[in-house]
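Any read-out appearing in this document is the output of simple, stated calculations on the displayed coordinates, not a laboratory observation. Since the model is a prediction, treat every value here as computed from it, not as a measurement. Cβ sites come from the backbone with ideal geometry, for glycine too, and all protein chains shown count toward neighbours.
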Amino acid sequence: MYKVLIVDDESTVRKGLDAVIPWETYGYEVVALAKDGQTALDLCEKHTFDLIISDIRMPGMSGLELIQHIRSFDQRVQCLILSGYADFDYAKKAIHYGVAGYLLKPIDEDELIPAILEIKKKLDEENTMKKISSIEKERKLESFILSKVLNKSIKDYSDDEKAHMGKVHGILWEKYRVLLIHIETTNLETNNLLSLKQEINRRISLDKKAVVFLHESYIGVLLDGSSYKNRDIQLFYQEVKGAMSLHNVCSVVAVGNCVNSLCEIKDSYKTALTLIRNRFFYPNNELLVKGRELIVLNQSENQTSMEIQDMIEKLYLLIEIGEEGKLETVLREIPFIKMEDEFSEEALKKLYVSVLSRVVTKLQKSNPEKEVLLVEASEKILEIYDSTNIETLQNNVVSVIKGISEELQLDQTNDQLKKLLLLIDSKYSENLKLEKLAEIFNYNSAYLGKLFKSYTGEYFNTYLDKVRIKNAKKLLLNGVKVYRVAEIVGYKNVDYFHSKFKKYEGISPSAYRRKQHMSG
């Protein structure tokens, strides 16, 4: 509806004009009545009107004087003059001040309606042109910003030229920051994307400076870095989430670093883009900000010396002895194993799957009776690839591995040394080292060695060798070849096995087999 102000010193004329015409039918709304020119001028200085219908002769300020004053600050408003005098000089002056029409009193409804319809036609045309101009201005501004963030400027502008262009486009600010929204909902139509852009525009505070732009599946917002502090950005992020929710759209939002000039906004854009691409390492449903990663992405300073095989052995032994409390800590160290590939979401998922699959394979060999459980665990491990962020991934992994550990726990005794002996008796073929076991059982290795000697009467390595030799003798009597026996009981070198066997039995493995067969 176009807003109308009626000005006349006669109350009956003012109220009559308001009542006699069905203004809304013709696209108008009478919002104010004024009894004289000064009152009308005060109203025009405070409010915006589209059409002023004014008597030409009034006490104090005339209708023409009123229009003359109004034209000093508003060239857009349409004016319709009413007069009881058929005075051609008045008509000429009215035309000079750009009035839209001149009607004689008493007002004939059949003359007034065509006049306001003609004025409405002009107002409609002006609004259309204004919209076109606004769209074109917005398009140019968007194109200018994109040329900066994508670094595709054809011309290398000087500082003065950049400042001038910033002023022309209304974005000559002291600081800049890019907030980037990645639209993850697939098959979103262009019209819906434009609607989203408009919705975000509507949610920008009137006291803040920001420009919204589109690029492929991204909606960018160039923020005035001086007016948008960290708290303001968080509040605006909530507004963005509201807009996305209103349109049932899934998105990820990141904010780049603050920069000091238009030519640097590409750096802020790239930072935000990198954050979105690395969103796997950030909490879900939060604004992505550099420095708030769940784990440090630069491994070089946080790299542990642990190799993959060491990690596998450690996890395997912790599961076998039922040390669930330590499993989570070790599992969360996996991202810091040295990788062959460049550190990334895909490389990290691949590393987790590799380590855990190999742990499960070792468990399958030593626990054949739990085959079904461990096969199911292997399938769950592959679900790692569906994890949306590292927090979810690690929580799922911990849950799976702890579930396996609960099923495979040995005798629930608090006697750590008994646990250790049970472990040696069942896992003698593994690469058991006192130092590694001491770490798992939370002992100093030298101290554990003394405890072990006191408890068993044997040094750790001697006890382990004797367990291996005892089992080797059984295999030899079953006809297993010597080199295979060595491998099965945990000796990688057959000559070393020979020396150990002879040390404890006094004869070689082959001689032992012959002797036993002859005596049997």
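Taking a Cβ cut-off of under 11 Å around N278, the surrounding Lys, Arg, Asp and Glu residues balance to a net charge of +1, with basic ones at +1 and acidic ones at -1. Relative contact order, whole percent, for the chain stands at 8, derived from Cα pairs under 8 Å and 6 or more residues apart.
Tell me the net charge near R76. Cut-off is 13 Å between Cβ atoms, R76 excluded, with +1 for each Lys or Arg and -1 for each Asp or Glu. With Lys, Arg at +1 and Asp, Glu at -1, the neighbours total 0. One way to sum up the overall shape of the stretch 308-408 is the equivalent ellipsoid from its Cα gyration tensor, whose semi-axes run 21, 14, 13 Å, largest first.
Estimated from the Cβ-Cβ distance and a Förster radius of 35 angstrom, the FRET efficiency linking E29 and T274 is about 0.10. Calculated on the alpha-carbon coordinates, the convex hull of the stretch 430-487 measures out at 80 cubic angstrom per residue.
Using the number of other C-beta atoms within 10 angstrom as an exposure proxy, rank C250, C44 with the fewest first. In increasing order of surrounding Cβ atoms, one gets C250, C44.
Neighbour counts of other Cβ atoms within 10 Å put V359, V7, V20, V482 in the fewest-to-most order V20, V482, V359, V7.
For the stretch 210-282, the spread of Cα positions along the three principal axes, ordered from largest to smallest, is 35, 25, 24 Å.
With +1 on each Lys and Arg Cβ and -1 on each Asp and Glu Cβ, how big is the dipole of the chain about its Cα centre, in debye rounded to the nearest 20?
Working: 73 positive and 77 negative charges, 789 e Å.
In debye, rounded to 20, the chain gives about 3780.
In the set (i) 42.2, 147; (ii) 24.8, 76; (iii) 23.3, 73, which value of Rg and Dmax of the Cα atoms in Å was calculated from the structure you see? Working out Rg and Dmax of the Cα atoms in Å from the coordinates points to (i).
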